[in-house]
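S.K.: One structure follows; several queries about it will come next.
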Amino acid sequence: MDTVSEQDLRRLVDADNGTVSREIFIDRAIFDREMARIFSRAWLFVGHEGLIPKPDDFFASRMGRDPVILTRNRQGEILVFLNSCTHRGMKLCRYDQGNARAFTCPYHGWSFSTNRDIVDEPGELVGVPHFEAGYGDRLDRRRWGLVRCPNVTVYKGTIWANWDAGAPPFLDWLGDMRRYLDFALDHRDGRPGGSEVIGGVQKWRVKTNWKFVAENFAGDMYHDISHRSVDAVGIGPGGKGRRDAQRPRLAIGFSALGHGVLGELPHTVEPEYAPTFASDPEVEAYYRRIYDDRVRNLGNQPRVTNSVGTIFPNMSFHSRQPRTILITHPISPTEVELWRLYLVDADAPQPVKDAARHYYLRYSGPGGMTEADDMENWTYATDSSAGAIARRHDFNYQLALGHAKPAPGLRGAVQSGTYSEENQRIFYRRWTQFMTGGDWSELMPQTTSVEADNAD
Amino acid sequence: MRTDRRTALERLFLQREIEEFLSVEAELLDARRFEDWLVLLAPDIRYWMPMMRNVHSARGTDESTREQADANWMDEGIETLTQRIRQLATGIHWAEEPVSRTTHMVSNVRLLDIRDGTPCEVDTSCRFLVYRNRQQDEADTFIGKRLDTLRQTEDGWRLARREIRLDQNVLLAKNLTTFF
Ligand code: FES
Ligand SMILES: [Fe+2]
């Protein structure tokens, strides 16, 4: 397709009957529209406070196809700027991370500051070579400051940004999906926050469409069969299987918001403690103590445990074992750059952090024994859908069609059993809403925009 | 800094012996004789692969992730290397089924430090090039540096430590299912 009309788009996804056209995984015009309609309006994960702990620290991030600079200024504000010089577009910051008083462009030397002691608006142009002689007083330094992202929010260490000034607050966007994200970000003993990033972000390229990754993490228990080789060799922290025994998880989908998770309902009865790191007494003792603390700290408050999920559109996470954040940056219709961050309790003893790191790295990321197979699946699903004939044939998302029922304790959510593609149907319904226009009053239902804690 | 008393000629023999060891090792990997490769690893091996970052040239020490502190591409011991090899042998590890074709090349081998003692250990550095061809048109080229420590035992040389420094910032391959 050269261009794509709303009518075309509505034909491509039939979420009610569980079919989706392969075009949306291949087509360039659809991809460009995704960048314009989804990635420039959605809340996107751009980093973690741990990546920019000190004033003037920066981290080069992305929002869709746009490179951005995430930085903390001298006043402590966390800011996000388009990483492209306002003069002629040069990528202003070509480092992955660092510390800088000002960002100076290598091309013609324009420089920009975030320090409010020097400028009124962070990102303002402060240095221009040949300013007097060349521009006189005709160059408006404010007008040519860095393009700044209007909405930036920090949530339990994670940093989110949104280009649309009219967008709803992040917590409304998140809705009750928050409980599941909390389980990844909170301390294992139930204290809010309390996790940190294990230094370093894994970044790697995969020739697949970004939605394959997002929909997989949104709740695809069905694909577990492709990981049988890992189950067989016992990489789990307890030395058996792929991970330690878990209670069955349910596909829980947030119908109006597009998020999906495989997890438990917000129950109050924790399963019995199961020895997790039996091979290491110190690590084992830590998890046992933390388990007791969690039960004591949270008491009868609703709480969730195991989960893996996607927050629409492209932020995915594992929150138990391993405990990671996976961002799927779209590069082209058929390529992504995956970014993986690993989380651990900030105040855990070093041996606990080491055991977690080793386990995470042999499970996740490109060197992960589990994820290596996912990359194979996503790559060849993309490649073998690109042909003229293949494109005529829809994908099937009919698993557990019609089995969704309300998820107790969660607003606007449904659960549909363990093996279900309801979350994928929800994801693609949400995708269509964004792609076919609609303003925020249409996109954000009132029922999910209440403070999450009032729900129970 | 040398702690050995070898003559130049003895050192040359040692160099040759170690180059031979590294070539045999590469051959075993390319021939997918992974069980035989495992035999060449010391039981206490540390096998790790840091990630490289783009940082200002004045902050050179930040250029790679830290050992035993940061996330890396890989951080393995004998137990998990053995598990990886068992996974390859299941026949249902889809990332390597059907198998990829690899060619490992090792060059610029240098002996950095020879520590005589029981056992004798030798720190070496080299360059590697690993080509992986998969299915029809998937081709990955991994190029970088290796720092290996070899240990002399009654049964021959064993690999006691390997640090793999890949010359990529964003990994350009979809996964790492081969050994370096
Ligand atoms: S492009 Fe940045 S100063 Fe010209
Ligand atoms: Fe998977």
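The values are calculated or read from the model by the stated rules, or taken from the named source; none is laboratory data. Bear in mind the structure is a predicted one, so any value in this text is a computation, not a measurement. Reconstructed Cβ throughout: ideal geometry from the backbone, glycine too, with neighbour counts over all protein chains shown.
S.K.: Do any helices (runs of 4 or more DSSP H) lying entirely in the range A:191-300 carry at least 2 residues that are within 22 Å of residue A:173 (Cβ to Cβ), and which ones are they?
M.R.: In the range A:191-300, the matching helices (runs of 4 or more DSSP H) lie at A:210-217.
S.K.: Any idea which of (1) out of contact with any Leu (no Cβ under 7 Å at 6 or more places or on another chain); (2) modelled with pLDDT of 95 or more is the one residue A:199 doesn't satisfy?
M.R.: In the conditions (1) out of contact with any Leu (no Cβ under 7 Å at 6 or more places or on another chain); (2) modelled with pLDDT of 95 or more, residue A:199 misses (2) alone.
S.K.: Additional query: When you scan the range A:148-170, do you find a residue that is in contact with a Phe, Trp or Tyr (Cβ under 9 Å, 6 or more places away or on another chain), within 16 Å of ligand 1 (Cβ to nearest atom), away from chain B (no Cβ under 14 Å) and over 26 Å from residue A:197 (Cβ atoms), even just one?
M.R.: no
S.K.: Name the one entry in A:232, A:218 that is touching a Phe, Trp or Tyr at 6+ places or on another chain (Cβ under 9 Å) and either within 18 Å of residue A:324 (Cβ to Cβ) or within 16 Å of ligand 2 (Cβ to nearest atom) (or both).
M.R.: The unique qualifying residue is A:218.
S.K.: I want to confirm something. Restricting to the range A:340-378 and keeping residues that are within 7 Å of another protein chain (Cβ to nearest Cβ) and among the small types (Gly, Ala, Ser), which single residue is farthest from residue A:232 (Cα to Cα)?
M.R.: Per the criteria, the residue is A:367.
S.K.: I need the full set of residues from the range A:213-236 which are over 16 Å from residue A:318 (Cβ atoms) and surrounded by fewer than 21 Cβ atoms within 10 Å (Cβ to Cβ), in order please.
M.R.: Within the range A:213-236, A:222, A:225, A:226, A:228, A:231, A:232, A:234 qualify.
S.K.: Would you be able to say whether some residue in the range B:151-165 is more than 30 Å from residue B:13 (Cα to Cα), modelled with pLDDT of 95 or more, surrounded by 16 or more Cβ atoms within 10 Å (Cβ to Cβ) and within 14 Å of chain A (Cβ to nearest Cβ)?
M.R.: No, that holds for no residue.
S.K.: Among the residues of the range A:66-115, count how many are touching a helix residue (DSSP H, G or I) at 6+ places or on another chain (Cβ under 9 Å) and not in a loop (DSSP other than H, G, I, E, B).
M.R.: Number satisfying all stated conditions: 7.
S.K.: Could you grab me the full set of residues in the range B:61-73 that are out of contact with any Pro (no Cβ under 9 Å at 6 or more places or on another chain) and at pLDDT 95 or above?
M.R.: B:71
S.K.: Can you name the residue in the range A:96-124 that is touching a residue at least 24 places away in the same chain (Cβ under 8 Å) and within 16 Å of ligand 1 (Cβ to nearest atom) and is also nearest to the other protein chains (Cβ to nearest Cβ) among such residues?
M.R.: Among those that are touching a residue at least 24 places away in the same chain (Cβ under 8 Å) and within 16 Å of ligand 1 (Cβ to nearest atom), it is A:100.
S.K.: Taking the conditions exactly as written (surrounded by 21 or more Cβ atoms within 10 Å (Cβ to Cβ), within 14 Å of another protein chain (Cβ to nearest Cβ) and more than 16 Å from ligand 2 (Cβ to nearest atom)), does residue A:21 satisfy them or not?
M.R.: no
S.K.: Further question: Could you tell me whether the range A:56-66 includes any residue that is touching a residue at least 12 places away in the same chain (Cβ under 8 Å), away from chain B (no Cβ under 14 Å) and surrounded by 19 or more Cβ atoms within 10 Å (Cβ to Cβ)?
M.R.: Checked the range A:56-66: at least one residue is touching a residue at least 12 places away in the same chain (Cβ under 8 Å), away from chain B (no Cβ under 14 Å) and surrounded by 19 or more Cβ atoms within 10 Å (Cβ to Cβ).
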